[in-house]
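K.L.:
Quick one: this structure, given as structure tokens, is what I'll be asking you about.
The values are calculated or read from the model by the stated rules, or taken from the named source; none is laboratory data. In this text the structure is predicted, and so the values were computed from the model without any measurement. Neighbour counts run over all protein chains shown; Cβ positions are idealised from the backbone, glycine included. Remember, those area values only see protein heavy atoms, side chains included, never the ligands or the DNA or RNA. Shrake-Rupley method; radii C 1.70, N 1.55, O 1.52, S 1.80 Å.
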Amino acid sequence: MSKRRILTGITTSGTPHLGNYVGAIRPAIAASRRDDAESFYFLADYHALVKCGDPARVQQSTLEIAASWLACGLDPDKVLFYRQSDIPEIPELTWFLTCVTAKGLLNRAHAYKAAVDANTGAGEDADAGVTAGLYMYPVLMAADILVFNAHEVPVGRDQIQHIEMARDIGQRFNHLYDGDFFTLPEARIEENVATLPGTDGRKMSKSYDNTIPLWLPANALRKAILGIMTDSRAPGEAKDPDSSNLFAIYQAFANADETAAMRTAFADGIAWGEAKQALFERVDAELAPLRERYEALVADPARIEQQLLAGAARARERSRAFITRLRHAVGVRSLDARPAAPASVNGPVAAALPQLKSYREADGRFYFKLANGSGDVLLQSRGFDSPKEAGRLVAALVDAGDDAAALETLLRECAPADERALAHGPIVAALAALKAEKVAKDRVKSG
Ligand code: TRP
């Protein structure tokens, strides 16, 4: 059975904070250890450009976020960990999707609508200061998800609409081009993961300026925790854990026993200073070993760069095959490719069909080759001991037609390694034409 594909992106426009760690990094890394799933985690640096026009910051944030995920235990051999901008199939797919996306759908996106409402409220032109990048953000995100046919996308609630749009867009493409190209993704909201409050009690978020950066040195971490707002209850006075942001942060790091003990301490009137010291110690106990790894990682950007490039190379094994199929589907394809509909009798002379021929060589083995309508050999098989084996592959190739993903596997079986650099486009085109021919013939037979 094939595994469920779980995919999520992290926009590289800031410095990771405790809220990102508790709400995204820690649960995602735990999920990536599941054996029944295949995880895709990527750095959404193209998305960062929508929010951030500072090149140094985009680069620094990419480094910090990559180092954070690795330091927290993401295993880049087990998951696909890559940078969005290293996958050229993503912007290419973005354009294919753009061309089937209703403009009205994008008009309804929350982030865009919020910008328009703010402008209207201020008496400005509705689109003042709105870039086409902000407007197109959901389409780029749909391409991120659809290019790997993800089943599940773990995100925060604020992203649910984007996943719904990815479904809409994927479904529309499937419908218009009449095929099962895209898996329709589902948002996965982690119900039991806490949203961490920030130092002022509101949700910890860069936009409220209430964050505690994840990788503060121990001393600075202690200071930041001492700065968390509390009420003015004196030492010895009972305190309510359930309305305390300090308690909520403690709970996100502590186990059940520790949490219960802290609850009692609150009832017993622990001093805020003491509670803050306990919180600092608990958080630091978890982060100190990770911090050490983080520091070693950010000090060696070249190594992270290598890891990201290796991740992208693995990811592209899939996206490249898939985009070939999509290009073919939309008609961005070799001029050798025969249109699926047979030319009418009075129409232009039909191009000669490609040929897929089996034969036996003097060495006694069985071979086949694929040539286009002009007779150029596109694919030469290796030798097979049995004609059955060669025949099975020939049939499977025609069946695969323009299914580039299936082809990728088949080509590995049919051709010696050094032949696999062969242009895939013309091979896909020729096989698609043969398949169309076969389907047409079968139809005649059964009709
Ligand atoms: N928009 C997401 C956020 O701000 C980041 C993101 C970009 C993403 N592409 C994605 C998340 C694809 C999930 C899947 O959090």
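K.L.:
Determine which lysines satisfy two conditions relative to residue 239: a Cα distance under 16 Å, and not lying fewer than 8 residues away in the same chain.
P.N.:
Counting by Cα, and skipping residues close in sequence, residue 239 has these lysines nearby: 276.
K.L.:
Please determine, in degrees from 0 to 90 and to the nearest 10, the orientation of helix 89-98 with respect to the longest principal axis defined by the Cα atoms of the chain, where the helix direction is its Cα long axis.
P.N.:
90 degrees
K.L.:
Can you give the calculated 222 nm mean residue ellipticity of the chain, where each DSSP H run of n ≥ 4 adds -39,500 (n - 2.57) and the sum is split over every residue, rounded to the nearest 500 deg cm²/dmol?
P.N.:
-16000 deg cm²/dmol
K.L.:
Which value, in Å to one decimal place, does the Kirkwood hydrodynamic radius take for segment 1-63 when every pair of different Cα atoms is included?
P.N.:
12.9 Å
K.L.:
Could you tell me how many cubic angstrom of Cα convex hull volume segment 1-124 has per residue?
P.N.:
Value for segment 1-124: 160 Å³ per residue.
K.L.:
Rounded to the nearest percent, how much of the accessible area of segment 1-132 (1.4 Å probe, protein heavy atoms only) is carbon and sulfur?
P.N.:
The value for segment 1-132 is 54 percent carbon and sulfur by accessible area.
K.L.:
Can you give the extra length, in nm with one decimal, that the chain gains between residue 234 and residue 396 once fully stretched, where that is 0.36 nm per residue apart less the Cα-Cα distance? Please list the in-between numbers first.
P.N.:
On the way: separation 162, 0.36 × 162 = 58.32 nm, distance 7.75 nm.
Value of the extension gain: 50.6 nm.
K.L.:
Could I ask something else about it? For the chain, take the longest principal axis of its alpha carbons; what is the angle in degrees between that and the long axis of helix 256-267, to the nearest 10 within 0 to 90?
P.N.:
It works out to around 30 degrees.
K.L.:
I'd like the antiparallel share, as a percent to the nearest 5, of DSSP beta bridges with both residues in segment 1-141.
P.N.:
0 percent
K.L.:
Return the subset of 357/438; 388/441; 51/223 for which the Cα-Cα distance in this structure is over 18 Å, preserving the input order. Display every interim value, and only then the final one.
P.N.:
Working: 357/438 15 Å; 388/441 23 Å; 51/223 30 Å.
388/441; 51/223, as the Cα separations exceed 18 Å there.
K.L.:
If we count every other residue with Cβ under 15 angstrom of residue 70's Cβ, Lys/Arg +1 and Asp/Glu -1, where does the sum land?
P.N.:
On the way: positive: 26, 33, 78, 83, 291, 293, 303; negative: 64, 75, 77, 292, 295, 300, 305.
It works out to a net charge of 0.
K.L.:
Quick one: length gained pulling residue 218 to residue 57 fully straight, 0.36 nm per residue minus the C-alpha distance?
P.N.:
This chain segment gains 55.5 nm when fully extended.
K.L.:
Related question: Defining a contact as two alpha carbons under 8 Å apart and six or more residues distant in sequence, what relative contact order in percent does the chain show?
P.N.:
Computed over the chain, the figure is 14 percent.
K.L.:
So, in nm, how far is label residue 274 from label residue 203 when the simple model puts each one 7 Å beyond its Cα toward the Cβ?
P.N.:
Distance between the two pseudo-spin positions: 3.5 nm.
K.L.:
Dividing the Cα radius of gyration by the Kirkwood radius, what Rg/Rh value follows for segment 77-174? Intermediate values should be presented prior to the final figure.
P.N.:
Numbers: Rg = 14.9 Å, Rh = 14.6 Å.
Using Cα coordinates only, the ratio equals 1.02.
K.L.:
Return the tail of the calculated pair distribution for the chain, meaning the percent of Cα-Cα pairs more than 27 Å apart.
P.N.:
For the chain, the fraction of Cα-Cα distances above 27 Å is 64 percent.
K.L.:
Still on this structure, please answer the following. On a C-alpha basis, how far is the centre of segment 294-319 from the centre of segment 40-112 in Å? Whole number, if you could?
P.N.:
If you average the Cα positions of each part, the centres end up 15 Å apart.
K.L.:
Pull up the cross-link candidates among the aspartates and glutamates for residue 206, meaning alpha carbon to alpha carbon under 20 Å and not fewer than 8 places away within one chain.
P.N.:
45, 54, 64, 158
K.L.:
Across the Cα atoms of segment 132-174, what radius of gyration and what greatest pairwise Cα-Cα distance (Dmax) are found, in Å?
P.N.:
10.0, 28
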